[in-house]
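The values are calculated or read from the model by the stated rules, or taken from the named source; none is laboratory data. The shown structure was predicted, so the numbers you read here are calculated from the model rather than taken from an experiment. No Cβ is skipped: glycine too gets one built from the backbone with ideal geometry, and neighbour counts run over all protein chains shown.
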Amino acid sequence: MKVIETKLKGCYIIEPEIFRDSRGVFFESFNKKKFKEKTGLEIDFVQDNISISNKGVIRGLHIQKGECAQAKLIKVIKGKVLDVVVDVRKESKTFGQSFSCILSEVNKKQLFVPRGFLHGFSVLEDNTMVSYKCDNYYNKEAEDGVVYNDADLGIDWRLKDEEVVISEKDEKLIKFEDFKI
């Protein structure tokens, strides 16, 4: 397992070691002991979520606030997404900065998103299945977020405007300048 820290401290790309033979492919998608050795982070995942979406869907930018904050480990089981995070930790040197990467069934990369980050993804292929582990339970009262197309963040979601599909809830999210953690 290769662990690479992104430009946003505490946010990591995880690349598994892939074994291929005549039977197919095998890889270890997560190993708690190895992750701790490489990052110094002790993570206990308590909830697994899966979403299935078609091309053009944008989910995000979401966060769980306060005691319900969540770290997440994101991977794509089928298809391809552009995964996006924004650092909203007030004390961070990278506050307000974003990072994005392609996660796909082909590259098998994962993204570890620490607590204190907005998270979202745009779906780049039909019938994409995204899996994410969380280290805290979802709480509806703690959910918040920032609108995906906020001009201050300037995120390129790699979709044309006419392709974008978002939920009614996400349409009502606020601008980054109004967001308070």
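For this structure, a couple of remarks:
- Scan the range 99-117 for residues that are assigned to a strand (DSSP E or B), touching a residue at least 60 places away in the same chain (Cβ under 8 Å) and either closer than 16 Å to residue 63 by Cα or of a type in the set (Ser, Thr, Tyr) (or both) and the total you get is 5.
- Hits in the range 24-41 - residues which are at pLDDT below 95, part of a loop (DSSP other than H, G, I, E, B) and not polar (S, T, N, Q): 28, 30
- Only a single criterion out of (1) within 17 Å of residue 71 (Cα to Cα); (2) crowded, with 20+ Cβ neighbours inside 10 Å is not satisfied by residue 146, namely (1).
- Any chance residue 125 is out of contact with any Leu (no Cβ under 9 Å at 6 or more places or on another chain) and either basic (Lys, Arg) or part of a helix (DSSP H, G or I) (or both): no
- Here residue 94 fulfils each of the conditions (1) part of a loop (DSSP other than H, G, I, E, B); (2) loosely packed, with under 14 Cβ neighbours inside 10 Å; (3) touching a strand residue (DSSP E or B) at 6+ places or on another chain (Cβ under 8 Å); (4) not basic (Lys, Arg) apart from (2).
- Yes/no for residue 98 being hydroxyl-bearing (Ser, Thr, Tyr), under 24 Å from residue 9 (Cβ atoms) and out of contact with any helix residue (DSSP H, G or I) (no Cβ under 9 Å at 6 or more places or on another chain): yes
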